[in-house]
Amino acid sequence: MLHHLIENFDTEFLEAFEADQRTINECFEAEYKKLSDTEHLEQNVIDEPLLAWDYRAIEPGLLELMDPFMESESHTPLLFFSILRDLGLDPKPYVKASLLLEYSYFALGVIDYFDFHKVFTERKQDLLTYSELTQVRYAAQYLIQYPRYLVIKNSFELSKAQNIALHKLYATIGVTTGIGRGAFLKWGHDYFVSLIREHYFQNSIYTLNNYFLFPAMLGAIIADLSDAQKDSLQKGFSALTMFAKLRLEKRYYENQDEFKITPPIYRDLWQLLSFPGMALMENGLQVDPAPYAEDKYPWFTGLYRDLNTQIQGIDMADTIKTMEKLETELFETFVSELGRVDLLPATVERLRNCYRM
Amino acid sequence: MKKLDEITKRMPPEFNDFYRQRIDFIKASIKNYFPDQIDKDFLDRVVGQPSLFEPDLKATYDTIFLPTQEYLGRGGKVLRPVLVAMCLEAYGADIRDFEPVFGAIEVMEDSSIMMDDYIDNSLTRRGGPCGHIAHGYALANVSSCTAFALSHYLFYNNELKLPDDKALKLLDYMAWEHIQMAFGQIEELYWTQSNVNDITVDQYLQETIARCAFLTFRGPMRYAGILADAPPQDIAVLEKIGEYLLVGYHLKGDNLDMSPDSPEWGKVAGEDITTGRRTLLINYLLDKADKQERATIESIISSRTEDEEKKKVVYELVLKYDIFAQTRDLAAEYNQLAKQEIEKLSVSDEYKLLLNQFADYATRRRSL
């Protein structure tokens, strides 16, 4: 997904770090096999049972359900590798930490699939579909929890304080991405009335926490950076997250066709990524609630259709100009925060090239 | 006071006194831990990162905090924090030194039962609408899992200022419990979704332990033991007691789901049938039923029916084969195992008595 959030990702990351990508892919393939390796599970993940596990559940109850969602890639491990190298570390010994990044990404994809499902917007209950969706939702829950065994086993040979920080980071990525989605759902249920820029920006940072902040802070913990350094990284990558969101949104206004080729399974995540917040706020757009009068909640795809139609009929030049000014400010914050603690010069330079900043 | 009398009326005397003397303190802890208003400082603290812009506090409160607050406000028995208090004191700790722990445990419980409720498609909990009924499935999902993750802030922020090894031990155990819980959930949902009918008793009980022991009661007993510096051999025994208690408590819950013994149960009867759950009760019934009855039961369970008449068919077969007695006997067996373990603890007789009374209360008198 980072290839959508970072421009020129193909050349600046995928081609430039081809060997890293191979290392990461090899790790993922080996670890995927372990998901159903009962010996590995008992020795490392769920432990020997007091009574008896039913391992028959793994294939139909987890893998078959998750496979379609595991076809997409977040590419955040590549950024993580780049950051570790920039912090003076060889990333290879920490390749398994990529599982934390990638499995939470897969799981968030499922959660979005669940949260934006049309069946939940209708008044009539469909218990069978509900129960199928719940099964998928809980398979994803296991996928989020699974890689935590790496932290419990101290697989990266970190100090106790670093492992505490790792636990905290993993928990708070869940909290922020959850808050982001919660507020976003609420706004949608209220037809995005009274949305203001400050709220929209902070919520976008929360929602997209796993793309920039997660790999950056994971690298910071492994490299054992000081609190002051971590604070600057946190602020810098928060600004970069919002910058990337605005860039994506701008492309959306400039060329909407690009957004029609998204893999269908990720259409729900896409709703969060491509939400036309700036167009809505800058132009005072309003969604017509009438089509949802019979429903329990408005359906997000319908809301988007309405907004898209409106956007196509207005001149977006002023909105884009405002966005470009904000982009410059945000990118400067990113650069200055990292410069202040003299961190990640190569990564900053690479991102400058990506975004032509 | 009337409500307190109602809650405590079935408690054995010493446990009743213990409960009454600590309940106000525990309730205050819950209120402090999960406030009914949030500000930016609180949010930054629990999300673990300073916000760059102004967060939407109202939308955050309404979606993440409010649904769990609604559960908290309905006045459950807060048995888990009470058990934590009992275990802390049993090892000589002063509960005032651990004030936020009680709030954390209860918020974990209430946010997680919201998840159980939409998995089971329950309508009511503690006499009020379930989270997904009040706020929709999508918001209940986001709210419960986010509030649950957030409810650990005491531990991931190490706000008790514990030494690193103790803080890490707690976090490692909690993470391990989360993995267990999620794996148990996969098993349960696979059985339901695939209409699996050949689950063994051991598999069912293991799945129950995996899915529920984080808070009922292995987790709270273990965390209290670690916090109070209980001897390592005692912590292993506390865990075992928690698991045995859970089995008794859960089996009683399965029976109550089919046949609530009081309005306090606060849920709709026969939800397990509607959800298609392969509970132990259903498996025992399938074992004893004849071929035709078995086909009827399987058809009803697989159909996710809300039809009271069909649920009644299953209920009457449960009565016919005296299945309640079978699960009750198994619950009693586990209660006995818990009591044998309680005797092994290096705590005073006063606390052994309290733990025994808690065991009886939890496994025999369960409601709410």
Which one of these is among the β-branched types (Val, Ile, Thr), surrounded by fewer than 23 Cβ atoms within 10 Å (Cβ to Cβ) and either part of a helix (DSSP H, G or I) or touching a Leu at 6+ places or on another chain (Cβ under 9 Å) (or both): B:Ile133, B:Ile186?
B:Ile133
Out of (1) within 30 Å of B:Tyr137 (Cβ to Cβ); (2) surrounded by fewer than 24 Cβ atoms within 10 Å (Cβ to Cβ); (3) of a type in the set (Val, Ile, Thr), what's the single condition that is false for B:Val78?
(2)
Output the number of the condition that B:Arg125 fails; it satisfies all remaining conditions of (1) of a type in the set (D, E, K, R); (2) more than 8 Å from chain A (Cβ to nearest Cβ); (3) free of Cβ contacts under 8 Å to residues at least 12 places away in the same chain.
(3)
Filter region B:161-183 down to the residues that are at the interface with chain A (Cβ under 9 Å from one of its Cβ atoms) and touching a residue at least 24 places away in the same chain (Cβ under 8 Å) and list them by number.
B:Tyr173, B:Met174, B:His178, B:Gln180, B:Met181, B:Phe183
Which numbered condition trips up B:Asn158, out of (1) facing chain A (nearest Cβ under 7 Å); (2) of a type outside the set (Phe, Trp, Tyr); (3) in a helix (DSSP H, G or I)?
(3)
Determine, yes or no, whether A:Asp47 is surrounded by fewer than 17 Cβ atoms within 10 Å (Cβ to Cβ) and in a helix (DSSP H, G or I).
no
Turns out the helices (runs of 4 or more DSSP H) fully within region A:191-261 with at least 2 residues that are within 26 Å of A:Tyr304 (Cα to Cα) are A:197-207, A:227-254
In region A:121-138, what count of residues is obtained for those that are farther than 24 Å from B:Glu187 by Cβ and either part of a loop (DSSP other than H, G, I, E, B) or charged (D, E, K, R) (or both)?
5
Considering each residue of region A:21-44, count those that are of a type outside the set (Asp, Glu), outside any loop (DSSP other than H, G, I, E, B) and either under 17 Å from B:Leu189 (Cβ atoms) or away from every other protein chain (no Cβ under 14 Å) (or both), and give that number.
10
Among the candidates B:Ala138, B:Ala147, which residue alone is facing another protein chain (nearest Cβ under 9 Å), buried (at least 24 other Cβ atoms within 10 Å of the Cβ), of a type in the set (A, V, I, L, M) and touching a residue at least 24 places away in the same chain (Cβ under 8 Å)?
B:Ala147
Tell me, please, whether a residue that is part of a loop (DSSP other than H, G, I, E, B) and more than 8 Å from chain B (Cβ to nearest Cβ) can be found in region A:165-188.
no
Quick check on my filter: what residues within region A:103-134 are of a type outside the set (Phe, Trp, Tyr), in contact (Cβ under 8 Å) with a residue 24 or more places away in the chain and under 17 Å from A:Glu64 (Cβ atoms)?
A:Ala107, A:Gly109, A:Val110
Name, by its number, the condition in (1) in contact with a Phe, Trp or Tyr (Cβ under 8 Å, 6 or more places away or on another chain); (2) within 13 Å of chain A (Cβ to nearest Cβ); (3) in a helix (DSSP H, G or I) that does not hold for B:Tyr61.
(1)
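Only the coordinates and a few stated rules stand behind these numbers; no lab work does. Predicted model, so just to flag it, every value in this text is computed and none were measured. Glycine also receives a Cβ, built like all others from the backbone with ideal geometry; neighbour counts cover every protein chain displayed.
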